[in-house]
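In what follows, a single structure is set out as structure tokens and then discussed.
Any read-out appearing in this document is the output of simple, stated calculations on the displayed coordinates, not a laboratory observation. Remember, predicted model here, so these are calculated numbers, not experimental data. Positions of Cβ are generated from backbone atoms using ideal geometry, with glycine treated the same way; all protein chains shown enter the neighbour counts.
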Amino acid sequence: MTDSTRSDRIRHDSGSRTRSRSLFTLLHDVPTLVTDLVKGEIALLKSEIMATLKAFGLGAGFVVGALVLVFAALGVLLTAIVLLIAIWLPGWLSALIVAVALLIGAAILGWVGYKKIKVGLPVVPEKTLASLQRDLRAIKGVGTIPRTRLDES
């Protein structure tokens, strides 16, 4: 094995050559070694996060591409439906029927979504706020410490 330099000031020997170093020299080297260790761990973390983000970005790009193709296919499918209805009715009327059916479907979905959002309002974390208020009162010494679990209150 060869020598490796981890810092500008400290040269570390591998196991091939052992030197006798004093305790004070070793203690002097500890902050630099810890700093090098932390910097190395941060560099490793950065590289892992970047690899994960690259994979996520690539996957998200493929999903967006798939959605574009689905929208294109949906347009073709709607055109086919219009042409199918146009066998029995004029083309403009069949297109109008399909458009009205789509608008009715969008209105129904929008109404259901509005109702679901309305159920979720207000967006205030009431249980968390109540728990924090109880904790604050307990820290101040006012009131009692609750013995129940949070999910039961």
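Structural size metrics of the range 19-112, computed from C-alpha coordinates, are Rg and Dmax of 31.7, 99 Å. Of all lysines in the structure, the ones whose alpha carbon falls short of 26 Å from that of Lys127, not counting any fewer than 8 places away in one chain, are Lys115, Lys116, Lys118, Lys140. Note on Leu132/Ala99: beta-carbon distance plugged into 1/(1 + (r/R0)^6) with R0 of 41 Å gives a FRET efficiency of 0.20. For a straight C-alpha distance cut-off of 28 angstrom, the lysines reachable from Lys39 (same-chain residues fewer than eight places away being disregarded) are Lys54.
Here the 3J(HN,Hα) profile of the range 31-38, calculated from phi with Karplus coefficients 6.51, -1.76 and 1.60 at θ = phi - 60°, is x, 5, 5, 5, 4, 4, 5, 5 Hz, Gly and Pro shown as x. In this calculation the C-beta distance from Ala86 to Ala106 is compared with R0 = 30 Å, giving a FRET efficiency of 0.85.
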